[in-house]
Amino acid sequence: VQLQASGGGLVQAGGSLGLSCVASGGLLSRYVIGWFRQAPGKEREYVAAIRWSGGMTGYAESVKGRFAVSKTNAKNTVYLQMNSLKPEDAAVYYCAAKIQDGSRWSDSSTYGNWGQGTQVTVSS
């Protein structure tokens, strides 16, 4: 499956921003789509994920209650709505896909397909 992420930009602290990830080329019902982020000098970090079949979601504690992941089947698109953004949310955000295999959604090494990153900048 191929992934194309978009929607990054500059936002003030406390503001909102939405990211999109268009998936193509695979039987999406078999996949989990995850969002990860990486800030300069830091390791890649799990943000959220959604199981395509059934729509179950998961979140990192750091974003729970502020971010929401959703999908639109008709558009093969996963969204990450980010609210109450903080300067520490600034990073390059990536979407990734993995086959549902029971492994932890937060483990980036289990994702085999990655989109290009999209930059999110949060000004204080």
Inset, instruction - Could you work out how far apart the two model spin labels at GLU88 and LYS64 are, taking each label as a point 7 Å from the Cα in the direction of the beta carbon, and quote it in nm? - result: 1.5
Inset, instruction - Please build a GNM for the chain, connecting alpha carbons under 10 Å apart, and tell me which residue among ARG66, ARG37, ARG51 fluctuates the most. - result: ARG66
Inset, instruction - Using a 1.4 angstrom probe, figure out how much accessible area the chain has per residue, in square angstrom, rounded to the nearest whole. - result: 49
Inset, instruction - Would you look at the GNM of the chain, springs on alpha carbons closer than 10 Å, and say which of ALA74, ALA60, ALA97 moves the most? - result: ALA74
Legend entry - Protein accessible area in the chain, 1.4 Å probe - carbon and sulfur %: 47
Legend entry - Those residues of segment 37-55 whose amide nitrogen sits under 14 Å from the label point placed on SER109, 7 Å along Cα→Cβ: 44
Inset, instruction - Keeping every protein chain in place, order ASP107, ASP101 by accessible area at 1.4 Å, biggest value first, i.e. largest first. - result: ASP101, ASP107
Legend entry - Expected-Rg normalisation [2.2 N^0.38 Å, Cα atoms] applied to the chain: 0.97
Inset, instruction - With springs only between Cα atoms under 10 Å apart, run a GNM on the chain and tell me which of SER109, SER16, SER84 wobbles the most. - result: SER109
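The values are calculated or read from the model by the stated rules, or taken from the named source; none is laboratory data. In this text the structure is predicted, and so the values were computed from the model without any measurement. No Cβ is skipped: glycine too gets one built from the backbone with ideal geometry, and neighbour counts run over all protein chains shown. Side chains included, ligands, DNA and RNA excluded: accessible areas come from the protein's heavy atoms. Shrake-Rupley method; radii C 1.70, N 1.55, O 1.52, S 1.80 Å.
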